[in-house]
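Got a structure here, written out as structure tokens. Questions coming.
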């Protein structure tokens, strides 16, 4: 049996996609949820990929759709799901393709921003989700809000937490702690920290999810919980999507992802439905984005925007139940809007 460091990454014996053994998800702390799946488009072969989601609460209730980012999976939302269900909502937390219980392509370039968007859109359409409150963080924002831009009538509101919509436009200069903006027609100015993160995932010989989760939280997390984030990724074949996500961040105006985000901004410019920012106070990587969302999205006006205290990039770990209660109260207050 080959270990994670000796698996061949190219060649005829490398599978196009792999699936994490169900046994790795048994007895994870705070994660008792039954798995559910839909089939989505396979981008490079006949057949389909299996996309996983948690689905708790009444099937006919208003939907709260939770979308994770890098390098997390639906485990990130385990503290929010029970609060939403107790409040009478249908709580759905997805695993993006390449993460969690979802299938994983083994060749990193087979993942693209556009494909991530379409995979999530296919899930939303397959389940015929409507009256959706989108709760999104990190890459869950660009992917989830791009689906909103394409299926706008299905979405009732957005709660955006520690997320971003990079376009590398010159107007972002001076607005972001991790800068990424055009400097003239041919150049971009990009924070060293952002560039280092984009490269780290491909340069590091052993790249796991757990160190990023532990580093980017503001409160202590048990070793068992930290370890749970590594459950979906037992080998290098399983890590291709996780390694590739940082390289999909648009840091130039000509990046294909910038085009996707520009289309999302165009849709959000007409989005009059409630839009809430709920950011942690200890996350430099997304510092500045909350204000930009509030300025640009009409639905953000007069909303009870929140800064979570002692909460890092992964505020779901630091203040998950607290944030869920705030979101429930906000949905109820805006349910007649």
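The values are calculated or read from the model by the stated rules, or taken from the named source; none is laboratory data. Treat the numbers as computed from the prediction; the structure is a model and nothing was measured. Note: ideal-geometry Cβ built from the backbone for every residue, glycine included; neighbour counts use all protein chains shown.
Going residue by residue through the range 269-282, is there one that turns out to be within 22 Å of residue 173 (Cβ to Cβ) and touching a residue at least 40 places away in the same chain (Cβ under 8 Å)?
Yes, there is a match, as at least one residue in the range 269-282 is within 22 Å of residue 173 (Cβ to Cβ) and touching a residue at least 40 places away in the same chain (Cβ under 8 Å).
Something else about it: Right, residue 23: surrounded by fewer than 16 Cβ atoms within 10 Å (Cβ to Cβ), at pLDDT 90 or above and in a helix (DSSP H, G or I) or not?
Judged against the criteria, residue 23 is a match.
Hey, could you check the range 267-285 for residues that are over 16 Å from residue 310 (Cβ atoms) and in a helix (DSSP H, G or I) and say which is nearest to the chain's Cα centre (by Cα)?
Result: 285.
If you don't mind, another one. State whether one or more residues within the range 184-199 are within 27 Å of residue 316 (Cα to Cα) and part of a strand (DSSP E or B).
No, that holds for no residue.
Inside the range 288-337, can you point out the residues that are assigned to a loop (DSSP other than H, G, I, E, B), within 22 Å of residue 63 (Cβ to Cβ) and touching a strand residue (DSSP E or B) at 6+ places or on another chain (Cβ under 9 Å)?
Matches in the range 288-337: 297, 303, 304, 335, 337.
Against the definition (in a helix (DSSP H, G or I) and crowded, with 17+ Cβ neighbours inside 10 Å), how does residue 217 come out, yes or no?
Numbers: in a helix (DSSP H, G or I): no; crowded, with 17+ Cβ neighbours inside 10 Å: yes.
Against the criterion (in a helix (DSSP H, G or I) and crowded, with 17+ Cβ neighbours inside 10 Å), residue 217 does not qualify.
Here is a follow-up. Can you find a residue in the range 327-334 that is under 17 Å from the mean Cα position of the chain (by Cα) and surrounded by 19 or more Cβ atoms within 10 Å (Cβ to Cβ)?
No, there is no match, as no residue in the range 327-334 is under 17 Å from the mean Cα position of the chain (by Cα) and surrounded by 19 or more Cβ atoms within 10 Å (Cβ to Cβ).
The rows are residues; the columns are (1) over 19 Å from residue 247 (Cα atoms); (2) touching a strand residue (DSSP E or B) at 6+ places or on another chain (Cβ under 7 Å); (3) surrounded by 17 or more Cβ atoms within 10 Å (Cβ to Cβ).
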position: 121; (1), (2), (3): yes, no, yes
position: 126; (1), (2), (3): yes, yes, no
position: 182; (1), (2), (3): no, yes, yes
position: 194; (1), (2), (3): no, yes, yes
position: 223; (1), (2), (3): yes, no, no
position: 226; (1), (2), (3): yes, no, yes
position: 233; (1), (2), (3): no, no, yes
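Do we have residue 158 as surrounded by 24 or more Cβ atoms within 10 Å (Cβ to Cβ), part of a strand (DSSP E or B) and on the phi < 0 side of the Ramachandran plot here?
yes
If I filter the range 82-109 down to residues being over 17 Å from residue 229 (Cα atoms) and in contact with a strand residue (DSSP E or B) (Cβ under 7 Å, 6 or more places away or on another chain), which single residue comes out as surrounded by the fewest Cβ atoms within 10 Å (Cβ to Cβ)?
Checking each candidate, the answer is 85.
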